[in-house]
Amino acid sequence: MKKSAHQRFKIAVVAALIYLPIQASAWGMLGHRIVGQVAENYLTSKARKGVLAVLGNESLAMAANWGDFIKSDPAYNYLYNWHFVNLPAGLDQQGVFQFLEKDTAANVYNKTLEMAEVLKSKSSTAEQKKLAMRLLVHMIGDLNQPMHTARKEDLGGNKVYVTWFGEKSNLHRVWDESLIEYQQLSYTEYAKAINYPTKAQLNLWKGNALKDFVYGSYQACNRIYAYSKPEDKLSYKYNFDFVDLLNEQLLKGGVCLANVLNEIYQ
């Protein structure tokens, strides 16, 4: 009887872990590297030299996941809130902008701006600049993942439980990893496959400020919430309906990253 009770306890723990509402890593490893790889195509020569001076032989794609890798070190627990910004439902563009301006708590938007200032500053040490660059690359990927500009009450979709091809999951995880991994491409193949913005798209995105990208991500988030409901069974149709939005957000993330780096090293 004791053994049976112990086994039942272990099963219950495993089941509970499946549903833990953790604020997951935006895009997962693959998505962050896609954003970094796309950005390489839009850097100015000055920005390329600036990145090289800070990262050396570490590419933007390979630097992109450092912000998640470092979660293994408790000394960096203070970075937790830097991966997302909780935005309430029902905001228009001006409402989002006002929220970002008033929200002084650590979030992905204001900390991205802060890391950009560290990279611009002549008084920053090489070590400070390397940390800032790695975090900036990661956070710009984060803020272009729609579920990282989502609702506080469900932890960015972590508490919206769904199934993905029959496996228990949540809406956040689907957008972090599952949709991207379903395409069965390496990060270099993926970046090459999606890097065909129209002239109008590229002109628009290159003129965007960081807050415009946050608003675009928020709009995408609203579309996802409107479509996806708790206990939904997601599979082929969900991929068909959302793969274009997924690819656009990854592509916008790369252009956004290049914009910020080009401005830093202008």
- Efficiency of FRET from Cβ geometry, Lys71 and Gln266, R₀ 45 Å, rounded to 0.05: 0.85
- Compute the Cα gyration tensor for the range 51-162, then decide on rounded, prolate or oblate, letting a ≥ b ≥ c be the square roots of its eigenvalues: rounded whenever a/c is under 1.5, prolate when a/b is larger than b/c in the other cases, and oblate in all that remain. prolate
- Query: Tell me, what ³J(HN,Hα) does each residue in the range 132-140 have, in order and in whole Hz, if you take phi through Karplus 6.51 cos²θ - 1.76 cosθ + 1.60 with θ = phi - 60° and put x for Gly and Pro?
  - Reply: 5, 5, 4, 5, 4, 4, 5, 5, 5
- Message: Once the convex hull of the alpha carbons of the chain is built, what does its volume come to per residue, in cubic angstrom?
- Response: 153 Å³
- Query: Which pairs, out of Lys130/Lys206; Lys130/Lys252; Lys46/Lys122; Lys49/Lys120; Lys102/Lys159, put more than 18 Å between their alpha-carbon atoms?
  - Reply: Lys130/Lys206; Lys130/Lys252; Lys102/Lys159
- Counted charge near Ser186, where neighbours are those whose Cβ lies closer than 10 Å (Asp, Glu -1; Lys, Arg +1): +1
- Query: Rounded, prolate or oblate: which one fits the range 116-266, using the alpha carbon gyration tensor with axes a ≥ b ≥ c (rounded when a/c is under 1.5, else prolate when a/b beats b/c, else oblate)?
  - Reply: prolate
- Query: Using modelled backbone amide H atoms (1.01 Å from N, in-plane), which distant-in-sequence or interchain residues come within less than 5 Å of Tyr42's amide H?
  - Reply: none
- Note on the structure: Placing each pseudo-label 7 Å from Cα in the direction of the beta carbon, Thr44 and Gln93 end up separated by a distance in nanometres of 2.5 nm
- Task: Compute the signed sum of charges (Lys and Arg +1, Asp and Glu -1) over the other residues within less than 12 Å, Cβ to Cβ, of Gly50.
- Result: +4
- HN-Hα J in Hz across the range 217-230 - Karplus 6.51, -1.76, 1.60, θ = phi - 60°, x for Gly and Pro: 5, 5, 4, 4, 4, 4, 5, 5, 4, 5, 8, 9, 10, x
- Message: So if I place +1 on the C-beta of Lys and Arg and -1 on the C-beta of Asp and Glu, and nothing else carries charge, what would the dipole magnitude of the chain be about its Cα centre? I want it in debye, nearest 20.
- Response: 440 debye
- Just grab the label-to-label distance for Phe165 and Glu189, each label 7 Å out from Cα along the Cβ direction, in nm (one decimal). 1.4 nm
- Taking K and R as +1 and D and E as -1, what net charge do the other residues with C-beta under 15 Å from the C-beta of Val118 add up to? +2
- Task: Amide H neighbours of Asn170 under 5 Å, at least 5 residues apart or on other chains, H built in the peptide plane: list them.
- Result: Val162
- Note on the structure: Dipole check, the range 26-264, charges on Cβ (K,R +1; D,E -1), about Cα centroid: among Trp27, Phe213, Phe69 the Cα furthest to the positive pole belongs to Phe213
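Any read-out appearing in this document is the output of simple, stated calculations on the displayed coordinates, not a laboratory observation. Every value quoted in this text rests on a predicted model; they were computed, and no experiment measured them. In this analysis, Cβ positions are derived from the backbone assuming ideal geometry, glycine residues included, and neighbour counts consider all displayed protein chains.
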